[in-house]
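Novice: Shown below is the structure under consideration.
The values are calculated or read from the model by the stated rules, or taken from the named source; none is laboratory data. Just so you know, these numbers come straight off a predicted model, no measurement behind them. Backbone-built Cβ (ideal geometry, glycine too); neighbour counts: all protein chains shown.
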Amino acid sequence: MIALQAIEKRFGDTPILRGVDLTVPEGRVTALIGPSGSGKSTLLRCVNLLEIPQAGTLVLGALRLDFRPGAAPARRDVLAVRRQTGMVFQNFQLFPHRTVIENVTEGLITVGQWPKEAARTRALELLERVGLAQKAEAWPASLSGGQQQRVAIARALAPSPRLLLCDEPTSALDPELAAEVVDVLAGLAREGMTMLMATHDLRLARRVADTVVFLDGGTVVEQGPPAELFARPADPRTRRFVQTLLGEGGA
Amino acid sequence: MPHWLDLMLQSLGPLLEACLRFTIPLTLIAFALGLSLALVIALARLFGPRPLAALAWTYVWIFRVTPLLVQLFVIFYGLPSVGILIDAFPAAVIGFTLNIGAYASEIMRAAIASIPKGQWEAAYATGMTPAQAMRRTILPQAARVAVPSLSNTFIALVKDTSLAAAITVPEMFQAAQRIVAVTYEPLILYVEAALIYLVLCSALSWLQSGLERRLGRYGGYLEARA
């Protein structure tokens, strides 16, 4: 079970999340959509505790963390949550001083204490899966944005996380490069990877997501299967937002 | 053979001996200790609790705004008045170490702070502890940013060790002074000493570009910060 309950997050006096409840079904893909400032990235970052909520509960398998204002969760719990989640960032954030394969083995060796050879074998499998095995020894700076993001996906998958978080995984990419990343994510979805992604890429949400959650002003406005939510949004705010996305020439 | 060349060749032995026995060891020891101190000070200023950060700031401030020669005099000639007697060579090591520690900590602090926040987050998302993130992700990238400035500090230190002559360390410049005292040939001897510093420091700056190339082999420096 992966769930967020009554999550509240403020930056200073500005409330970003106002009591968000969200269950992420395992083996499914959940996409968070919403205008900028709606809190979708913050919500995603609360799941692996890059942001610590002031109130609410995070349930991740056997782990249950209750948040209180001013009380940081135990270091052990934070690391346990991060070891069960992988994250893909909008701007890739590969380690520039490590080769492609070292980027993938880094967490396995440093955090997971894997033996070097086993880590390399695992990394090559994953690079194969994202179609970049031939780039294993390249430096990240020599890759296109789409290739970098695929390496970032392989890095995030390396320790076999229970949940893959993707923060706007295609927003920094040209459409044709975004397409190769969407293909990889769609492949993972078919294999039953549990994913939670923040996106305003309609093509990505339509093709990959089982459930789309529309956030506005730090609360969940409505959720449903993409076909339904995009075609017949119930709430006027959702309708307006979907129209602007379509108007942008997405789809 | 002209007189000046003869004198230079005769003096080369004593000068090089002083260089090998004092100038180079003093430089290497003070730089190694100074860098270690600088890292501690930089981390204290960036991540330490407030009183510790303030203490580190005060140290850096004092050593950057007072002359190195005066610092050496305080340590070697001043401290005996309060009962602290330190031999010339260790006094020089302490003085140069404290001076390098202050300057290099500023370089390191800026280099560490220049690594984008996203790199910390990527390391944390991988499950690293703050110490692991620092060691595996931030410091290697910061090193590349800091190396050109630290190399300059190192080359400056080689030259500054000549100040140790003033606190009786028999390093190369003092060896030259001693030969001048008996030959009355200041121009020839001091030019010779200058030439040895020139060769030494030129070799170091050549090594520096090699090190920068090696650290820069992963490319993408400008793209990463564009």
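Novice: Does residue A:105 count as within 14 Å of another protein chain (Cβ to nearest Cβ), closer than 13 Å to residue A:154 by Cα, among the polar types (S, T, N, Q) and touching a residue at least 12 places away in the same chain (Cβ under 8 Å)?
Specialist: yes
Novice: Looking at the structure I just gave you, is residue A:179 small (Gly, Ala, Ser), in the same structural domain as residue A:26 (by TED's automatic domain parsing) and buried (at least 23 other Cβ atoms within 10 Å of the Cβ)?
Specialist: For residue A:179, the condition - small (Gly, Ala, Ser), in the same structural domain as residue A:26 (by TED's automatic domain parsing) and buried (at least 23 other Cβ atoms within 10 Å of the Cβ) - is not met.
Novice: Here's another thing I want to ask about it. Report yes if residue B:145 is more than 30 Å from residue B:118 (Cα to Cα) and either more than 15 Å from the chain's Cα centre (by Cα) or part of a helix (DSSP H, G or I) (or both), otherwise no.
Specialist: For residue B:145, the condition - more than 30 Å from residue B:118 (Cα to Cα) and either more than 15 Å from the chain's Cα centre (by Cα) or part of a helix (DSSP H, G or I) (or both) - is not met.
Novice: Another question, if that's okay. Out of curiosity, is residue A:112 facing another protein chain (nearest Cβ under 9 Å), within 20 Å of residue A:136 (Cα to Cα) and not β-branched (Val, Ile, Thr)?
Specialist: In short, no.
Novice: To continue, here is another question. Restricting to the range A:91-118, what's the tally of residues that are assigned to a helix (DSSP H, G or I), within 24 Å of residue B:118 (Cα to Cα) and among the small types (Gly, Ala, Ser)?
Specialist: Result for the range A:91-118: 1.
Novice: Scan the range B:107-144 residue by residue and report those that are over 30 Å from residue A:84 (Cα atoms), buried (at least 17 other Cβ atoms within 10 Å of the Cβ) and touching a residue at least 40 places away in the same chain (Cβ under 8 Å).
Specialist: Hits for the range B:107-144 are B:107, B:108, B:109, B:144.
Novice: Hey, another quick one. Please enumerate the residues belonging to the range A:190-202 that are buried (at least 20 other Cβ atoms within 10 Å of the Cβ) and in a helix (DSSP H, G or I).
Specialist: A:202
Novice: Determine if the range A:182-197 includes at least one residue that is at positive phi and in contact with a helix residue (DSSP H, G or I) (Cβ under 9 Å, 6 or more places away or on another chain).
Specialist: no
Novice: So, one more: One residue is enough: does the range A:64-71 have a residue meeting the conditions buried (at least 19 other Cβ atoms within 10 Å of the Cβ) and touching a Leu at 6+ places or on another chain (Cβ under 7 Å)?
Specialist: Looking for residues that are buried (at least 19 other Cβ atoms within 10 Å of the Cβ) and touching a Leu at 6+ places or on another chain (Cβ under 7 Å), one finds none in the range A:64-71, hence no.
Novice: Can you tell me which residue among B:157, B:163 is in a helix (DSSP H, G or I), touching a Ser or Thr at 6+ places or on another chain (Cβ under 6 Å) and farther than 30 Å from residue A:88 by Cβ?
Specialist: Result: B:157 is the single residue among B:157, B:163 that is in a helix (DSSP H, G or I), touching a Ser or Thr at 6+ places or on another chain (Cβ under 6 Å) and farther than 30 Å from residue A:88 by Cβ.
Novice: Could you check, for the range A:126-137, whether at least one of its residues is in a loop (DSSP other than H, G, I, E, B), farther than 16 Å from residue A:184 by Cα and away from chain B (no Cβ under 13 Å)?
Specialist: Yes, the range A:126-137 contains at least one residue that is in a loop (DSSP other than H, G, I, E, B), farther than 16 Å from residue A:184 by Cα and away from chain B (no Cβ under 13 Å).
Novice: Every residue in the range A:203-237 that is at negative phi, surrounded by fewer than 16 Cβ atoms within 10 Å (Cβ to Cβ), part of a loop (DSSP other than H, G, I, E, B) and not basic (Lys, Arg), please.
Specialist: Within the range A:203-237, A:210, A:225, A:234, A:235 qualify.
Novice: Right, another one. Just name the residue that is farthest from residue A:1 (Cα to Cα) out of those in the range A:61-90 that are in a loop (DSSP other than H, G, I, E, B) and among the small types (Gly, Ala, Ser).
Specialist: Filtering first and then ranking leaves A:70.
Novice: Still on this structure, please answer the following. Which members of the range A:79-93 meet the condition of being facing another protein chain (nearest Cβ under 7 Å) and touching a Lys or Arg at 6+ places or on another chain (Cβ under 9 Å)?
Specialist: Passing the criteria: only A:87.
Novice: Of everything in the range B:33-73, what is at pLDDT below 95 and within 20 Å of residue B:169 (Cβ to Cβ)? Give them in sequence order.
Specialist: Within the range B:33-73, none qualify.
Novice: In addition: Being not in a helix (DSSP H, G or I) and not aromatic (Phe, Trp, Tyr) is the requirement here; does residue B:1 meet it?
Specialist: yes
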